[in-house]
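Heads up: the structure comes next, in structure tokens.
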Amino acid sequence: MLRATMCSVEQRDEEQEDEAEEELRDGGVPFYVNRGGLPVDEETWERMWRHVARIHPNGEALGKETRGATDLPKIPIPSVPTYQPTTTIPQRLEAMQKYIRELQYNHTGTQFFEIKKSRPLTALMDIAKEMTREALPIKCLEAVILGIYLTNNMPGVERFPLSFQSNFSGNHFHHIVLGVHSGGRFGALGMSRREDLMFKHLEFRTLMDLVQEYEGAYRGYWHTLRKVRIGQYVSHDPHSVEQIDWKHSILDVDKLTKEELRKELERHTRDMRLKIGKPAPPSPTKDRRNSMGSPLRVPSSPIRRISRVERRPSGDKKVVEQKSAAEINGYQIRV
């Protein structure tokens with residue numbers, strides 16, 4: 001019973017970390033999520049300014065000065081990058097990162113776009129389109145969704161979520177980037193307050209090399225990297241109703257030797273390669289999508305944990321059975 005209780009508490013903590021409460025905390029510092037969409041409603045707007053007043057050294061004065069100003073400079077809106085056919089993949093990724101950086105990091109304490117990790121990919125891509133229209137400052141999770149959207153038309157580039165949990169002065173900090181793989185090399189897109197905790201050039205030979213690069217950056221800020229969570233490759237179909245696999249592998253970095261960490265990352269790399277050849281569930285037609293509304297929530301998969309004690313191979317997804325010609329024709333007649 002004790003073990004079951006501990007597991008349920010641990011799973012609830014994981015779910016809260018994914019779905020988030022109204023007030024989130026990163027390293028003990030709270031921030032809010034705008035759940036009312038855009039334009040921001042009055043309640044969220046006022047809450048944002050109250051929060052700024054609490055956390056900024058000159059919060060009260062800054063709020064009054066900014067809200068009462070009539071001559072604020074116009075903020076330029078970045079343009080979504082476009083490419084020539086001859087533009088190489090590394091050059092395209094650098095242009096995407098430049099665009100993400102131009103949106104600027106969100107220091108307001110309120111995340112403008114609500115990202116629910118359990119939503120299907122097609123819904124998250126709609127949010128990414130909204131990001132390009134609104135051109136508001138973003139945080140790291142929003143940058144991952146935007147990076148997936150920007151790279152959807154690059155079939156030669158595989159994308160996967162790569163998140164970190166670090167510890168500093170007794171507080172836990174969470175960060176996530178979009179790992180990319182192409183031409184036998186790994187890299188990453190992302191957003192962070194720190195320059196060396198976001199973009200990584202497509203130059204790392206193994207996933208281990210990429211993770212060690214981030215671990216070294218954390219050490220430079222006196223952070224201890226505790227956990228690394230790695231998802232599976234994300235579909236390139238913007239209309240896919242699949243959910244992103246955010247945590248296919250969860251590695252306790254501080255409990256693994258360097259060799260054990262390398263083997264687990266190699267195992268995960270093989271798992272990702274195997275996923276490429278598997279057929280994805282069919283996406284609904286345009287008319288069907290318009291009429292179906294939001295897809296029903298399905299029970300979440302059990303948390304996969306790869307540790308020194310237990311290792312679970314990823315399960316194969318069922319292949320969708322093909323219907324006979326008679327069934328298809330019959331369905332067409334009914335429609």
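Some points to look at:
- Candidate residues Glu43, Glu94, Glu195: accessible-area rank, largest first, probe 1.4 Å: Glu43, Glu195, Glu94
- Based on Cα contacts under 8 Å between residues 6+ apart, the stretch 86-278 shows a relative contact order of 21 percent.
- Integer Hz, Karplus 6.51/-1.76/1.60 couplings in order for the stretch 45-50, x for Gly and Pro: 4, 5, 4, 4, 5, 5
- The HN-Hα couplings worked out from phi for the stretch 240-255 by the Karplus form 6.51 cos²θ - 1.76 cosθ + 1.60 (θ = phi - 60°) are 5, 9, 5, 8, 5, 7, 7, 9, 5, 10, 10, 10, 7, 4, 6, 10 Hz, whole numbers, x standing for Gly and Pro.
- Using distinct alpha-carbon pairs, which all enter the 1/r mean, Kirkwood radius of the stretch 26-67 in Å: 11.2 Å
- Our estimate of slack between Asp254 and Glu42, defined as 0.36 nm per intervening residue step minus the Cα-Cα distance, is 71.8 nm.
- Full extension of the chain between Ala69 and Ile55 yields a length gain of 2.9 nm, computed as 0.36 nm times the residue separation minus the alpha carbon distance.
- Using θ = phi - 60° in the Karplus curve 6.51 cos²θ - 1.76 cosθ + 1.60, the 3J(HN,Hα) couplings for the stretch 76-84 round to x, 9, x, 9, 4, x, 10, 9, 7 Hz; x is entered for Gly and Pro.
- Within-11-Å neighbourhood charge of Asn58 [Cβ basis; K, R +1; D, E -1]: -1
- With DNA, RNA and ligands ignored, accessible area of Trp49 (1.4 Å probe; Å², nearest 10): 40 Å²
- Counting Lys and Arg as +1 and Asp and Glu as -1 over every other residue whose Cβ lies under 13 Å from the Cβ of Glu94, the net charge comes to +2.
The values are calculated or read from the model by the stated rules, or taken from the named source; none is laboratory data. Computed from a predicted model, the values in this text were never measured in an experiment. No Cβ is skipped: glycine too gets one built from the backbone with ideal geometry, and neighbour counts run over all protein chains shown. Just the protein is used for accessible areas: all its heavy atoms, side chains included, with ligands, DNA and RNA removed. Shrake-Rupley method; radii C 1.70, N 1.55, O 1.52, S 1.80 Å.
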